[in-house]
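A short worksheet on the structure shown next.
What follows draws every value from the coordinates through simple rules; no lab data is involved. Note that the structure is predicted; figures quoted are calculated from it, not measured. All Cβ positions, glycine included, derive from the backbone under ideal geometry; neighbour counts span all protein chains shown.
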Amino acid sequence: MHLSDEILGTGVPGKEAAPGSLLQEAREQQPPARVIAIIPAHNEEIGIAQTIDSLRRQTQAPDHIIVAADNCSDGTVEIARAMGVEVLETRDNAAKKAGALNQGLALVLPDLQPHDVVLMMDADSRLNQDFVEIGMRYFEYWPQRGGISGSYVAADHPSRVALLQKIEYTQGLRAVHRRAGRIHVLSGAAAVFTVEALRRVAEMRGSKVLPGVEGQVYDESSLTEDYELTVALKRVGYDPRCAADCIVDTDVMPTWREWRIQRLRWQRGTLETLLTYGFVEHTRKAWGVQLWTYFRTIIPLLMIIIWSYALSFEEVAFHPFWLLIIPVFMLDQLIATWQAGVRGRIYAALIVPLWVYETYQSFAYWKALRLALHGGEKEWLT
């Protein structure tokens, strides 16, 4: 699916520029859009060089690259400067990634034109060579997107938890592409935004429409700044999507401990964002997704209760027909995980590893719900 009519021809009606229209002519007279890349980084000396190199190798390279170095105590700053990019060392930032991004945006937004583009990407991610070029083309066809998310692909890692994440990412991305790029969150791994959209969000901060501080793009109170910004863009009239052909390779958590901390933050941040906005037009579907997510976590318990009751008080008859369901599940998992490689296909076909993974994730979900409702210290990977 490459810049398909399905993705580009859907969204807010009446916003596209028809050939020969005054809007189209005005766009053609504009100077070429500039691309500014901002990379928030906290102690990323291991991967920062590869991240910068992936920007330098773009078919349409960014006009300017900024590394927003946030409280770094390793060689991140020195490596970035040695590679010739601008380094912004954050000042008095206690808001983690959101704060670093806000300081970077405050530096560049005043001098940019509305049709210019800002690329924000994690310091542990790498872009395919035509990421920027294709992203810009999406905006040319449909500027009302406001934000374009990269299609996130998990990097290879030998650990089992990393492989399970790769399977999860592969299945999730397949689902996103099957619904024409409609997304719940613009991936923090890499996403591009029009300056016009970012300024609109900043202007509306602190109003009844958007939470946060007026003038800031990211809500610094959010644990999941990328999800909150996605909701904010939808609230002010944009229709962000995921681009199937903008590929970003991103690192995953290599240990179960780091994975647990990340998932707690993601889920708690999502719930707190939904609680902040309430049950409004642009969050209703997300509320439904969360209700279904939590219902799914209790299905195994319900099955145990039902089978325990049946075995204790009913006469149970075995029907071989139901064994046919197992190959169907195996085939479905295999197809959905095909792009995850041979090891991923084997794990998916076995079913049990994914069931254990989802069960473990369920515990993180319920703990996140408790923390979102009752508060508690916010935990980040540092």
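Overview of results
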read-out	value
Segment 334-374: C-alpha pair distances exceeding 12 Å, %	63 percent
Dipole magnitude (debye, nearest 20) for the chain, charges at Cβ of Lys, Arg, Asp, Glu	980 debye
Length-normalised contact order of the chain in % [C-alpha pairs under 8 Å, at least 6 apart]	17 percent
For segment 140-293, convex hull volume per residue from C-alpha positions, Å³	112 Å³
Axial C-alpha extent at least 20 Å, average Kyte-Doolittle at least 0.0 - helices from the chain (DSSP)	284-313, 352-374
Efficiency of FRET from Cβ geometry, GLU358 and LEU275, R₀ 25 Å, rounded to 0.05	0.55
Computed over segment 283-382, the ratio Rg/Rh where both radii use C-alpha atoms and Rh is Kirkwood	1.07
Three-way shape call for the chain based on the alpha-carbon gyration tensor, with the a/c threshold at 1.5	prolate
Inter-part distance where segment 146-187 and segment 320-382 are each reduced to a Cα centre, Å	14 Å
Length-normalised contact order for segment 285-374 - Cα pairs under 8 Å, 6+ apart - percent	25 percent
Paramagnetic reach from ASP156 (point 7 Å along Cα→Cβ, amide N under 20 Å) across segment 347-363	347-349
For the chain, calculated [θ]222 nm from helices alone, where every DSSP H run of n ≥ 4 adds -39500 (n - 2.57)	-16000 deg cm²/dmol
